[in-house]
1. Segment 171-223 to segment 51-105: how many Å between their Cα centroids?
2. Under a Cβ-only charge scheme (Lys and Arg +1, Asp and Glu -1), can you give me the dipole magnitude of the chain about the Cα centre, in debye to the nearest 20?
3. How would segment 1-135 be classified by its alpha-carbon gyration tensor: rounded, prolate or oblate, with rounded meaning a/c under 1.5 and the a/b versus b/c comparison settling the rest?
4. What is the sum of charges, Lys and Arg at +1 and Asp and Glu at -1, for the other residues whose Cβ falls under 13 Å from the Cβ of ILE101?
5. For segment 171-326, how big is the tail of P(r) above 23 Å, as a whole percent of Cα pairs?
6. Calculate for the chain the 222 nm mean residue ellipticity that helices alone would give, adding -39,500 (n - 2.57) per DSSP H run of length 4 or more and normalising by residue count, nearest 500 deg cm²/dmol.
7. Using 7 Å Cα-to-Cβ label points, what is the ILE310/ASN3 separation (nm, one decimal)?
8. For the pair TYR188 and LYS399, how long in nm is the line joining their label points, each one 7 Å along Cα→Cβ?
Amino acid sequence: MFNNRSIFYLGFLLFLTIIITFAPFFKVGITTSDDLSYYMTYLQGKIFDHAWMDAQKAGRFYFIITKPFCYFSYIGDNFYLSKLIQITSLLLSYILFTILINKIFQSKPLALLLFLLLIIATPINMPFIAYPFYFTFSFSLLIFSVLIFMKYDETNKYKFVIISALCFFIALLFYETYLTFLLFMGIYIIVRNKNKIGFIKTFQNRTFYKEILPFVFIGILYVSTYFIFRLFVENPVNPDSFYLGSSFAKDLSLSNFWVVLWACTKAAFPSQIYHLSLSQDIISQNSMLISGHEDSVWYVIKNAELLTFINALLHCFLFVFFFKKLKNTIPLQKIGLGFLFALIFAFSSHIILAISEKYNAYEYENIKAYVTTYYSYFGIMLALILLAYAILKFSYKYKYIKPVIIGIFTCLVFYVSIFTSYTNENISRDWQRSHNRFVVIDELINKDAFLFIEEGSIIYSPDLYESSILGHGVRYSSFS
């Protein structure tokens, strides 16, 4: 399908578009109050002390083990190394997910289209950006666990089941949301055996229990440890309760539950980053255009930077190339089941979040996206790619419809590329302000400028409090 020369050129073009697409990320310094807190903790050398304290506050035993990973991206206190770790861990998750989809559907063009769309639509203001390594690495570990289990499928060597379960358990130590994905793993093992020997015989088969019991065991071990830990520790800040984001809602509201699920999933759709009201405010505040920013398709396209256009055309070329390579080999039933699973995966990523006290009772009205939107992103992109393939599949019978379909999809790719790049570039300027702010503070501290300010003086610094992303978070953290 791809000869050595085409692989070289395609690899070069993909590498080039990755560099261009992620360039704005290298302009972003400190993002949220959590990001700032982790960085300061690293500088103070109190990583393990804070890990234990946070474990007590949140009632999360796993913080003792994995919370130090939050500080990994700050190693060396080097801005560019931090950004490199951030992008590398993000790309690793994209690559592993692409490999997984290729193994499931046995189609390299389909997998490459998915990888391309993941790159094109990556939004710079997704909440996981504030955690440069923690969630992206752990999700990569989870995907790796699934790939290892598939290695068992190929070799029938039981050691891969044990390694897979061990990797999954390590991933669980980063976030309890992965319990939802553990359920999916169990369903996958059941369906896999059902397809081989039938549903009834599956539960009579010894091999099935050998495959699923390691995952049942890690699930029971994790949940039991989680709640036993809560019996023996106390939140030093509020002895009456743990962090509300890790506590079940006392009065669960189903309507609020669905609000959280929809809001966090909606944010994962391509170019949704641009349409968020918060993004519109940030773009307006940071636009470099003389006429400012206007929420208009033509205005955005007309005022997009030259490099944005070049990158969009590159995206379109790669999309058309991969799309035309698709063969009518994947059964429609498999596409339909994959599409359904992708949507279920996208929405279910927020279930544990949506039943927590904090987000079900208080934050449901304000939430626009969350860390779990990162997981939804994979499901939504997979669903869109499979939908595009299904539409293309129907066009194989009609000679003149196929070019029209490819043309429509290419225009959509161009739109997503332009609007995502435009938004990322403008939002990155807002975060540049936060980075520059701390550079200035460092300079003032080094020159002992604060020693010359008389006690009781009023310091006027509106940018510290009005910066649309970091300023508010810093203010809530009482940093001044």
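None of the figures in this text is laboratory data; all of them are computed from the coordinates on show. Owing to the predicted nature of the structure, the values given are computational and were not obtained by experimental measurement. Note: ideal-geometry Cβ built from the backbone for every residue, glycine included; neighbour counts use all protein chains shown.
1. Between the Cα centres of segment 171-223 and segment 51-105 lies a distance of 25 Å.
2. Values: 37 positive and 28 negative charges, 655 e Å.
About 3140 debye.
3. Working: a/c = 2.95, a/b = 1.95, b/c = 1.51.
Prolate, since a/c reaches 1.5 and a/b exceeds b/c.
4. Net charge around ILE101: +3.
5. Details: 8307 of 12090 pairs.
Roughly 69 percent, rounded to a whole number.
6. Working: 22 runs with 330 residues, N = 480.
Roughly -22500 deg cm²/dmol at 222 nm, from the helical runs in the chain.
7. For the pair ILE310/ASN3, the computed spacing is 2.9 nm.
8. Each label point lies 7 Å from its Cα, and together they span 4.4 nm.
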